Amino acid sequence: MVVTEKKGASVRQPAGKPYVLDIASFGRRPGTSAQVHRTVAAPDRLGVEMIAIEKGEEIDLDLQVQAVSEGVLVTGTVSADTAGQCARCLGPVDGAVNVFLTELYAYPDSETQRTTDEDEVFRVDDDMIDLEQAIVDAIGLELPLSPTCRPDCPGLCPDCGEPLADLEPGHAHDQIDPRWAGLAKYIDPDSAKPAGRPEADAR
Ligand SMILES: [Zn+2]
Ligand SMILES: [Zn+2]
């Protein structure tokens, strides 16, 4: 875990709480700021059904923490690798997510604290801010609900369920001639032979 701080103020990290920043040294002086470069582990699987940052995966934080009159403003990027499944062909989708985070943590007794609910604006709590929920929320909003392996993924063949991208162009299933339908049960469904020519198997 790498923590780098610059610009006068220092941000301490309480032991065992990688998502918590101790901003006591800011002394509520507006304009005081610090850079936070840190790699944390995803506390859980973060994301949506089809795509997520896996639990334990590294998340890179590149943030500026700045004291403003009402609290502490956190801005910067959160990035991590993602693992998912294509919504069309169900193949794996590996990628990365890069979210820009902008989050205000209100001081206790601030006007913002008095006029907002706790679930609207995060709070500075005992000179600490906890980034975890903000990061989880930002990632959840960024990830696509229906990821695709490529923009033009053709999906699956509705008849055989194979990915169309793996099949020959023009792949299709001929309708079995009703006169031969009785023979269809003798055709090995796993065979590569087109199902539309039962006479080839009729000896
Ligand atoms: Zn696909
Ligand atoms: Zn097919």
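We did not get these values from a lab; they are worked out from the coordinates using the rules stated. Please read all numbers here as calculations on a predicted model, not as lab measurements. Glycine also receives a Cβ, built like all others from the backbone with ideal geometry; neighbour counts cover every protein chain displayed.
Overview of results
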{"item": "Burial ordering of 112, 102, 82, 75, fewest other beta-carbon atoms within 10 Å first", "result": "102, 75, 112, 82"}
{"item": "Farthest toward positive dipole pole in the stretch 1-82 [+1 Lys/Arg, -1 Asp/Glu at C-beta], among 30, 51, 19", "result": "30"}
{"item": "Low-density loop positions, GluC sites (Glu not before Pro), the stretch 62-131 - DSSP coil, at most 16 other Cβ in 10 Å", "result": "118, 120"}
{"item": "Mean shadow area of the stretch 5-142 over all directions, Cα convex hull, nm²", "result": "8.6"}
{"item": "Within the stretch 43-117, trypsin sites (Lys or Arg not before Pro) in DSSP loop having at most 15 other beta-carbon neighbours inside 10 Å", "result": "45, 55"}
